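Here is the structure we will look at, set down as structure tokens.
The values are calculated or read from the model by the stated rules, or taken from the named source; none is laboratory data. Note that the structure is a prediction, hence the values are computed from the model and not measured. Don't worry about glycine lacking a Cβ; one is built from the backbone with ideal geometry, like all the others, and counts go over all protein chains shown.
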Amino acid sequence: MIWIDTDMGFDDILAVMIIADSRKISGISLVFGNAPLEEVRKNAAGARSLLGWRMPIHTGAAKAILGELITPGHVLGPTGIPTRGARLPECPPVPVSPALAALSGWLEALEEPGEILALGPLTNLAVLALSRPDLLPKIAKVTWMGGAAGRGNQTPSAEFNAYADPEALKIVLDSGVSLDFVDLELCRQVLIGPDDLRALEATGTQKGRVLADLCGAYVDIALERGREKMAVYDPCAAAALVIPEAFTFAPGFVEVELTGTHTRGRTVLDQRPGITPNCRWAMHADAPRVLSLALETLQKAALS
């Protein structure tokens, strides 16, 4: 059983698609991140309409633990999903259904610990850790697309999901939950370019046209910055659950910087001999296999 916590950009949608093809998704909780929460709720409704999702979707945090709202609107636009012209179906936002109550209820009902895939700021999970620490033993593992051992993308030091709510990351790290990081450097091993979309563009279906358009606009983020291909972010974290043999993880100890003028949100990874680990860090991915999984998932959805 798996729960997904997401800020519902295009790569989040593809990550959910990858999981849905092989695992039962018990529920989805939404969090601010790629866009303000209201836009995230609209994206979730549109994705559900396009792809026929049946799992319940719940509304989580609209701001960081300390009340700040940070989004990458300068990159992703006001909706959090760039487009070349096509859009997700226009739908009312998913109804407000509190994420904390839903996630707590799911964990309470589990006979065996369940897994969580987290694709945005960790605010919802931090709220859970603070309000229901008794339920944390019911979490077998959290796999998070977040952090950076090297250069960031929101700032020179910090990856966006960590920067948007570093206090939440600190709370989750200190909670003792088993945490797997799929960080920027890992995701940058898996790249998608215009040529990879040809088969999807050729499907000729309405669903295929929408998916090809949104995926193409996602690739355009890199092209507009002079790069030939775009990193596959959230789908890498999903792939780590679906094809774990394609990834190499190593133990490490992570601290997150909360106060640095130039380094707030930086994740500092310590893998020196003798450290006591508090996480596992993804070191390597079989990039062709991960990319194939993502492209096959898109193709299958386009033709369904």
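Among the residues of this structure, Glu228 does not count as one that is surrounded by fewer than 17 Cβ atoms within 10 Å (Cβ to Cβ) and either at pLDDT below 95 or assigned to a helix (DSSP H, G or I) (or both).
Name the single residue, out of those in region 20-33 being among the hydrophobic types (A, V, I, L, M, F, W, C) and under 12 Å from the mean Cα position of the chain (by Cα), that is nearest to Ile139 (Cα to Cα).
Here is the first cut: in region 20-33, the ones among the hydrophobic types (A, V, I, L, M, F, W, C) are 20, 25, 28, 30-32.
Keeping just the survivors that are under 12 Å from the mean Cα position of the chain (by Cα) gives 28, 30-32.
Working: Ile28: 15, Leu30: 18, Val31: 19, Phe32: 22 Å.
Restricting to residues being among the hydrophobic types (A, V, I, L, M, F, W, C) and under 12 Å from the mean Cα position of the chain (by Cα), the top hit is Ile28.
Here's a check for you: in region 277-304, which residue that is farther than 17 Å from Lys170 by Cβ and among the polar types (S, T, N, Q) is modelled with the lowest pLDDT? Looking at residues that are farther than 17 Å from Lys170 by Cβ and among the polar types (S, T, N, Q), I get Ser304.
For Val210, the requirement of being among the aliphatic types (A, V, I, L, M), touching a helix residue (DSSP H, G or I) at 6+ places or on another chain (Cβ under 9 Å), under 24 Å from Met8 (Cβ atoms) and assigned to a loop (DSSP other than H, G, I, E, B) is not met.
Look through Leu200, Leu214, Leu191 and report the one residue that is closer than 19 Å to Val16 by Cα and touching a Ser or Thr at 6+ places or on another chain (Cβ under 7 Å).
Leu214
Scanning region 188-215 for residues that are under 17 Å from Ala47 (Cβ atoms) and either surrounded by fewer than 18 Cβ atoms within 10 Å (Cβ to Cβ) or not acidic (Asp, Glu) (or both) gives Leu200, Thr205, Gln206, Lys207, Gly208, Arg209, Val210, Leu211, Ala212, Leu214, Cys215.
Counting only residues that are assigned to a helix (DSSP H, G or I) and either hydroxyl-bearing (Ser, Thr, Tyr) or touching a Cys at 6+ places or on another chain (Cβ under 6 Å) (or both), which one in region 131-169 is surrounded by the fewest Cβ atoms within 10 Å (Cβ to Cβ)?
Filtering region 131-169 down to residues assigned to a helix (DSSP H, G or I) leaves 131, 133-138, 160-164, 166-169.
Right, trim to either hydroxyl-bearing (Ser, Thr, Tyr) or touching a Cys at 6+ places or on another chain (Cβ under 6 Å) (or both) and you get 131, 163.
On the way: Ser131: 11, Tyr163: 27.
Across region 131-169, the extreme among qualifying residues is Ser131.
Picking from residues in region 249-304 that are in contact with a Lys or Arg (Cβ under 9 Å, 6 or more places away or on another chain) and either assigned to a helix (DSSP H, G or I) or on the phi > 0 side of the Ramachandran plot (or both), the one that is surrounded by the fewest Cβ atoms within 10 Å (Cβ to Cβ) is Leu303.
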